[in-house]
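The values are calculated or read from the model by the stated rules, or taken from the named source; none is laboratory data. Keep in mind it's a predicted model, so treat the numbers as computed, not measured. Positions of Cβ are generated from backbone atoms using ideal geometry, with glycine treated the same way; all protein chains shown enter the neighbour counts. Surface accessibility is based on the protein's heavy atoms, side chains included, excluding ligands, DNA and RNA. Shrake-Rupley method; radii C 1.70, N 1.55, O 1.52, S 1.80 Å.
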Amino acid sequence: MLIHSARQLLTFAGGPQRGKALGNPGIIEDGALLIRGEQIADVGTTADLLAKYPTEPRLDARGKVVMPGFVDPHTHLVFAGDRAVEFEMRLQGKTYLEILQAGGGILSTVRATRSASLETLVALAAERAGVMLRHGTTTAEAKTGYGLEWQSELRQMEALLRLDELNRLEIHPTFLAAHAIPEEYRDTPNEYVDQICNMMLPELRRWWIRHANARPLPFVDVFCERGAFTLPQSRRILETARALGFPLKIHADEFENLGAAGMAMELGAVSVDHLVKTSPEEIERLGTSQTVAVSLPCTPFGLAESEYTPARAILEANGILALASDFNPGTAWCGNMQFVIALACRYLKLTPAQAIAAATINAAAAIRQEHRIGSLEVGKQADVLILSVDDYRHLGYRFGVNLVEQVIKRGKVMK
Ligand code: NIG
Ligand code: FE
């Protein structure tokens, strides 16, 4: 299939965009793209490609923007129930951490998720994945973390693999048993940490090798925060995971700075996520680290808070910045990366080109997939969006509407 006559074809070619290099869209005006099977076979101007491939079936993108599919590198897609009542409580003055400490928050989603069957979890997640796909996300990372006990965490992991097999969204799974201290361990949190380190992580590794068809090991993530896991507990979990060969992620500095970002960089984490309360020293360190800084602007927005990731400082320091939705039932029930970009332009002060690069090629780097997806380059997987607008800056500028007209995943038209 030859997509041709795009008003702007954004390639984002050349790999992840670090620091002030962020925001190079690699535009081809009157651009064209050849897809063969699941892959991008050629990229160039319409004149060149129409001449080279005269008999190829065509798709006319006249007056439109063609760009890579969004990659969403931080979501909590698999859960049952909702927290609409807590949303109302927060509007009346209760804070997110107060609700968690009172046994609600993540723990209330844990109760609903533990009692849901695998089939129910897959069906709920598949519906959410469908909405994300129609809004332009072609790949997402997704976490467990609402089980907090082995069988239930494993069921969430199975749901993620099933979701991936449905071939809608491509899913890259993360094991987040360290999302909260379960009620059973309220007074003995270190015993839960023992449980994760001594039983769950080794068991997960064995299970994975038997069941996951030679897929690389999933990420292991920890919510390092007051009321969740302390810095020493987080370090123990991540060090154990690293020794078993798992790639690492962390929830750092969402509400308070416990030193999680620096610790995770030291351990070679693939990404550090949230980064609202990150210190100047840690920001400086991001500039020389391969660890990707993932900002989740839907979360402060969802909590009606005024502080966001200091994205400009991260770019100034030469860090690799990515954007994600944080789709979850507590703080941000939103998997629309177009809305994430709109928030990032306003509150992170990114240009549309910077925000889009952070949501495509850099987001791919946040899940170690930058060699396969995130840009329109020969040999990469054909994950392509056609927007209903003639200038990419409408992404960010407009919000609350869906500008994605067509979605192509692995060379197949999905929308
Ligand atoms: O990334 N902070 C921890 N985890 C999620 C929220 C999960 C929830 O509240 O259910 C986050 O914001
Ligand atoms: Fe999260």
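Amide H to amide H, which residues 5 or more places from Leu77 or on other chains are under 5 Å from it, using H placed in the peptide plane?
Lys143
Figure the gain on full extension for Leu91 and Arg393 (residue separation times 0.36 nm, minus the Cα-Cα span) and round it to one decimal in nm. Write out the running numbers ahead of the final one.
Numbers: separation 302, 0.36 × 302 = 108.72 nm, distance 3.31 nm.
Residue separation times 0.36 nm, minus the Cα-Cα distance, leaves 105.4 nm.
Please find the FRET efficiency linking Arg368 to Asp194, where r is the Cβ-Cβ separation and R0 is fixed at 25 Å, and quote it to the nearest 0.05. Spell out each step's value before the answer.
On the way: r = 29 Å, r/R0 = 1.16.
Efficiency computed from Cβ-Cβ geometry: 0.30.
Where a ≥ b ≥ c are the square roots of the eigenvalues of the C-alpha gyration tensor, would you call segment 70-365 rounded, which needs a/c under 1.5, or, failing that, prolate if a/b is larger than b/c, or oblate? Please list the in-between numbers first.
On the way: a/c = 1.22, a/b = 1.18, b/c = 1.03.
Rounded, since a/c falls under 1.5.
For Gly23, what charge total do you get from the other residues with a beta carbon under 14 Å from its beta carbon, if Lys and Arg give +1 and Asp and Glu give -1?
With Lys, Arg at +1 and Asp, Glu at -1, the neighbours total +4.
What's the extension gain from Gln290 to Arg346 if we count 0.36 nm per residue and subtract their Cα-Cα distance? Walk me through the intermediate numbers first.
On the way: separation 56, 0.36 × 56 = 20.16 nm, distance 2.66 nm.
Full-extension gain reported as 17.5 nm.
What are the ³J(HN,Hα) couplings of segment 160-170, residue after residue, when phi is run through the Karplus curve with 6.51, -1.76, 1.60 and θ = phi - 60°? Round to Hz, x for glycine and proline.
These are the phi-based 3J(HN,Hα) values: 5, 5, 4, 4, 4, 5, 5, 6, 8, 7, 7 Hz.
What net charge do the residues around Met265 carry, taking every other residue with its C-beta under 9 Å from that of Met265, with Lys and Arg at +1 and Asp and Glu at -1? Display every interim value, and only then the final one.
On the way: positive: Arg285; negative: Glu266, Glu282.
So the surrounding residues net to -1.
Which ³J(HN,Hα) values in Hz, rounded to whole numbers, follow from the phi angles of segment 396-401 under the Karplus curve 6.51 cos²θ - 1.76 cosθ + 1.60, where θ = phi - 60° and Gly and Pro get x?
Coupling constants for segment 396-401: x, 5, 8, 8, x, 10 Hz.
HN-Hα J couplings of segment 91-96 from phi, Karplus 6.51/-1.76/1.60, θ = phi - 60°, integer Hz, Gly and Pro as x?
Once θ is set to phi - 60°, the couplings for segment 91-96 become 5, 8, x, 6, 9, 4 Hz.
Please give the residues of segment 102-131, grouped as numeric ranges, whose backbone N is less than 13 Å from a label point set 7 Å along the Cα-to-Cβ vector of Leu166.
It comes to 118-131, nothing else.
Cut-off under 15 Å on the C-alpha distance; same-chain residues fewer than 8 positions from Lys52 excluded. Which aspartates and glutamates are left, in chain and number order?
Asp42
For Trp207 and Lys52, compute 0.36 nm times the residue count separating them, minus their Cα-Cα distance, and round to one decimal in nm. Show your work: numbers first, answer last.
Details: separation 155, 0.36 × 155 = 55.80 nm, distance 4.87 nm.
Taking 0.36 nm per residue and subtracting the Cα distance, the gain is 50.9 nm.
Spin-label point model (7 Å from Cα, Cβ direction): what's the Arg215 to Glu316 distance in nm?
4.1 nm
Output the relative contact order of segment 70-365, whole-number percent, from Cα pairs under 8 angstrom with separation of 6+ residues.
Numbers: 590 pairs, mean separation 52.4, N = 296.
Dividing the mean separation by the residue count of segment 70-365 yields 18 percent.
Quick one: accessible area per residue over the chain, 1.4 Å probe, rounded to a whole number of Å²? Present the calculation step by step, with values, prior to reporting the outcome.
Details: 15400 Å² over 415 residues.
Per residue, the chain has 37 Å² of solvent-accessible surface.
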